[in-house]
1. With respect to residue 219, is the statement that it is surrounded by fewer than 23 Cβ atoms within 10 Å (Cβ to Cβ) and either out of contact with any strand residue (DSSP E or B) (no Cβ under 7 Å at 6 or more places or on another chain) or assigned to a loop (DSSP other than H, G, I, E, B) (or both) true?
2. Under 7 Å between Cβ atoms, at least 6 apart or on separate chains: pull out the pairs that start in the range 363-389 with a residue that is farther than 16 Å from residue 407 by Cβ and end on any residue that is among the β-branched types (Val, Ile, Thr) and surrounded by 18 or more Cβ atoms within 10 Å (Cβ to Cβ).
3. List pairs: first in the range 103-124 and without any contact (Cβ under 8 Å) to a residue 40 or more places away in the chain and assigned by TED's automatic domain parsing to the domain that holds residue 80, second in a helix (DSSP H, G or I) and of a type in the set (Phe, Trp, Tyr), Cβ under 7 Å, 6+ apart or cross-chain?
4. With in the same structural domain as residue 151 (by TED's automatic domain parsing), without any contact (Cβ under 8 Å) to a residue 40 or more places away in the chain and farther than 18 Å from residue 141 by Cβ as the only criterion, which of 55, 41 stands out?
5. In the range 149-189, which residue that is in contact (Cβ under 8 Å) with a residue 40 or more places away in the chain, out of contact with any His (no Cβ under 9 Å at 6 or more places or on another chain) and among the β-branched types (Val, Ile, Thr) is surrounded by the most Cβ atoms within 10 Å (Cβ to Cβ)?
6. Need the failing condition index for residue 159 against (1) in the same structural domain as residue 144 (by TED's automatic domain parsing); (2) under 25 Å from residue 472 (Cβ atoms); (3) of a type in the set (A, V, I, L, M), just the number.
7. Do you know which residues across the range 280-334 are within 30 Å of residue 604 (Cα to Cα), modelled with pLDDT under 90 and either of a type in the set (Gly, Ala, Ser) or exposed (fewer than 15 other Cβ atoms within 10 Å of the Cβ) (or both)?
8. Considering only the range 40-54, state which residues are charged (D, E, K, R) and surrounded by fewer than 17 Cβ atoms within 10 Å (Cβ to Cβ).
Amino acid sequence: MCGIAGMYNFRRGDLCRNYFHECLKTMKHRGPDDEDVWDNDENYIAAFVRLSIRDLSINGRQPMFSSDKKYCISFNGEIYNTDELKRLLKPFNVAYQSSTDTETLLYAIVYLGIEKTLTFADGIFAFAWYDVTRNRLILARDRVGVKPLYIGTSDKGIVYSSQYDHIINHPYFKDNALCESSVGNYLQFGYVPEDMGAVINTKLLLHGHYYVVENNSLSRFAYYQYGANANKNTDKNIAATLGNAVKSQLVADVPVGTFMSGGVDSTLISYYANKVQPIQSFTIGVKDSAMDESGAAKEFAVLFGTKHFSKFIDADSFKKLIKDHVQAFSEPFADYSSLPTLLLSAFAKESVTVALSGDGGDELFWGYPRNVRALSLVPFYQKNLIARRLALLMSKVKRPAATDIRRHWRMRNFMRYYYTSLEISGAFQWLPRLFNAPIKDVYFYNEIEKKAGNALSADALLNIARKLEVDIHLQRILIKVDRASMYHSLEVRVPFLNNDMLDLSENYHYSDCINGSDGKTSLKQLLTSYSSKELVYRPKQGFTVPLDEWLKKDLKHDIKEKLMDMPAHLSIMFNRKSLWKLYNQYENENDDAGWLIWAIYILVLWDDTHRNKIK
């Protein structure tokens with residue numbers, strides 16, 4: 001797991017060598033073990049920092065070249081099925097100089113081609129592969145976007161990096177204005193979605209895609225898309241598939257552990273990992289019995305035999321991590337669950353260099369309460385717009401709050417309703433009044449809507465909901481975990497999102513996972529078979545950051561100052577009167593908009609911290 005950066009000029013010119021050496025300093029946390037910079041003395045430069053995981057020797061140094069020096073790769077991530085790739089490469093008699101997955105990937109693209117390699121490779125990755133002879137650059141991200149890759153595009157060339165601050169501070173882009181629509185999407189979802197950037201002409205590359213830079217142009221190609229279908233009538237042996245996914249992701253030449261919160265997903269991962277080898281598991285406990293799940297994690301650890309570590313902290317301790325959050329996320333990012341993730345990552349890093357997490361289980365197997373609510377609303381959204389509005393007027397559909405009625409009144413279909421359900425609290429109600437610029441629908445929403453047509457069946461609608469979870473909501477979680485863990489030089493792997501698990505999940509019907517008011521029942525039943533129903537089905541607790549208390553008490557003065565006296569280039573995007581009204585209503589406990597206020601606060605901190613910071 002590493003960090004990469006580089007530049008491809010459309011013409012011979014300044015390669016900004018000093019700038020990229022500064023970039024290495026600011027992403028040392030992504031790769032503290034080694035670094036290097038290479039350029040062709042004409043139009044391409046590649047920079048790299050290494051967190052050594054496999055083949056710790058100097059043979060793993062990057063940028064890495066083929067034996068004939070015709071091809072160069074800078075690679076961030078892990079490829080788990082290198083043995084299978086090497087079998088495909090056997091006819092080409094490759095003379096490997098290392099046991100790294102990087103070298104296998106390098107030669108796979110040379111001999112198998114980019115499409116076949118990406119389709120076959122199982123891993124989490126973002127890489128830059130350069131053909132020295134043809135002056136051709138390929139940039140790619142993994143199937144679901146576990147690893148980041150940002151780019152900036154200008155008439156002079158392309159700049160790419162694992163970190164967003166390297167793009168926005170580059171000479172080509174440092175004077176660019178904020179992209180108002182992208183900032184609006186950030187306030188809507190708590191992060192800047194893919195194919196967008198907070199600064200004009202910058203963006204996060206799409207997951208499941210690769211990009212080719214050649215002949216002064218950038219072309220985009222999709223090689224994978226998570227499906228919106230179910231029931232392919234293939235084997236659904238989730239125990240074997242998940243077990244194999246975990247086993248494949250234990251490959252490392254450094255210590256490996258697991259995050260284990262006491263919830264279903266991370267506990268399953270810990271169970272399968274410990275079946276393969278003695279594992280260390282980590283959890284954070286809080287001194288509040290109403291929120292603490294460390295006891296459940298410990299019970300599972302004793303049952304499974306993991307070497308378990310818990311760290312107990314006071315809820316207020318998370319407040320001290322706000323500065324770390326702002327430093328760790330070089331893009332605007334407002335998911336405050338990053339704070340416990342930062343703490344857990346630092347704790348795990350004391351003992352291991354790699355950790356496996358349970359991320360992805362909720363998205364693939366309908367595990368969120370909103371999935372259950374969505375199913376109950378299918379009959380309502382099968383009606384036409386006039387009938388739905390009449391039903392609302394006649395109170396045929398009972399909603400718990402007036403805002404819910406307003407939401408359904410404005411929805412043109414089920415997909416639009418579910419899309420807005422992914423927004424952060426306060427966004428749906430306040431953004432139309434608060435934000436001065438129009439907000440565009442994100443890329444994947446538009447793509448899914450094109451293919452959805454006039455789908456009305458429960459099957460189709462719930463599958464659309466799951467695809468929205470994977471392509472939009474999951475992306476915020478993956479950004480959170482990558483930036484928080486790599487801030488502490490910890491690699492986090494996600495077995496639920498390996499190729500076979502992604503394929504297998506598409507064979508599941510929502511009825512396999514939603515039972516009454518309960519979601520993710522397929523995974524719960526699996527964990528029950530290894531433990532007990534009492535342990536698995538106990539009421540969910542889970543630590544929540546006391547955000548409202550901070551915003552109204554501890555951070556009150558700073559929040560008001562940042563919101564009401566923000567820089568002019570930020571202030572111009574907001575209706576000041578509405579912003580003041582929002583804050584006053586929230587402060588007087590008349591509005592549930594703490595997350596939106598936090599997002600605006602973090603936006604101001606991000607702007608002050610990360611723009612114009614690399615000289």
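1. Here the answer is no, as residue 219 does not meet what is asked.
2. 363/470; 366/514; 371/514; 372/514; 375/514
3. Going by the 7 Å Cβ cut-off, the qualifying pairs are 111/92.
4. On the way: 55 fails: without any contact (Cβ under 8 Å) to a residue 40 or more places away in the chain.
So the residue among 55, 41 that is in the same structural domain as residue 151 (by TED's automatic domain parsing), without any contact (Cβ under 8 Å) to a residue 40 or more places away in the chain and farther than 18 Å from residue 141 by Cβ is 41.
5. Out of the qualifying residues, it is 183.
6. (2)
7. Listed by number, the residues that qualify are 314, 315, 316, 317, 320.
8. Step one: filter the range 40-54 for residues charged (D, E, K, R), giving 41-42, 50, 54.
Selection gives 41, 42.
The values are calculated or read from the model by the stated rules, or taken from the named source; none is laboratory data. Quick caveat, the model's predicted, so the values are computed rather than measured. So basically every Cβ, Gly included, is an ideal-geometry build from the backbone, and we count neighbours across all protein chains shown.
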